[in-house]
Amino acid sequence: MRLSRTARVVLGCVTAAGLAIVYVPLLLVLLNSFNADRSFGWPPSGLTGRWWRAALHSDGAREALLTSLKAGLAATAIALVLGTLAAYAVHRHRFFGRRTVSFLLVLPIALPGIVSGIALNAAFRTVLDPIGIGFGLFTVVVGHATFCVVIVFNNIGARLRRIAPSLAEASADLGARSWQTFRYVTFPAMRSALFAGGLLAFALSFDEIVVTTFTAGPGTRTLPIWIYENLARPHQAPVVNVVAALLILVSVVPVYIAQRLSSDTAGGRL
């Protein structure tokens, strides 16, 4: 379909406006992290790196960063195992209720975060409290894993749909066992999708706040929760901007790498 010059200009302007609404605030956060004015006057009176040094020496920010890394890595590890197994079962085998299982696996990512948070909070109080397990890092990891599994499941499922079943059949004809076929044929073909799914799952877990609010204990603070708690404290505002800038960078990098992996694989370069 060919568009007129006017239509192309209008679409270009609308696209530019949409991107500006999304990315200009992020750029302002990055710029304010170097703003010499504590009150973030505009335009900046100067640029400084002292707020970054202050953030590096902030015990609360460092502990929150470490907690977020632990939760993100643990939730990603769980999601990689469960998501891969579930995707392989759904897309490589036929069994009663297969579509229902697929729907139930994808459902957590579609539910509002506050609904998932309330449900998990109630479940943990009912199941874990009686056996002496309170809210803390463990409950945060379990909560994050519920939606990280969806990311891995979708990535691996999409890749498995593109792998011709004849490859596994040819491997079996050559005398390979099921595990050998998975190791030498299936796994190499879905390796980049597994890596991309893991990166996306980690990025999603690292900056999650809604579910974390309902599943974290009193002494468990991830980086997004630390930002939220310190946002209204004037003396902490510059450090909060630095931590927010760091959160943006940490979230963007894995998403970018995952996107490149997916596009390179689609183009046949991996």
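We did not get these values from a lab; they are worked out from the coordinates using the rules stated. For clarity, every value in this text was computed on a predicted model and none was experimentally measured. Cβ coordinates were reconstructed from backbone atoms using ideal geometry, including for glycine residues, and neighbour counts include every protein chain displayed.
Between the stretch 1-69 and the stretch 171-236, the C-alpha centres lie 24 angstrom from each other. Note on the chain: with a GNM built from Cα contacts shorter than 10 Å, the maximum mean-square fluctuation among THR213, THR48, THR222 falls on THR48. The string of couplings for the stretch 80-94 from the Karplus curve (6.51, -1.76, 1.60, θ = phi - 60°) is 5, 6, 5, x, 5, 4, 5, 5, 5, 5, 6, 9, 10, 9, 10 Hz, one whole number per residue in order, with x for Gly and Pro.
Residues whose amide H falls under 5 Å from that of ASN35, counting only those 5 or more places apart or on a different chain, are THR48, with hydrogens built in the peptide plane. Label positions at SER4 and VAL101, each projected 7 Å from the Cα along the C-beta direction, are separated by 5.5 nm. Backbone phi angles across the stretch 119-130, fed through the Karplus curve with coefficients 6.51, -1.76 and 1.60 (θ = phi - 60°), yield HN-Hα couplings of 4, 5, 4, 5, 5, 5, 5, 7, 9, 8, 4, x Hz in residue order; Gly and Pro are listed as x.
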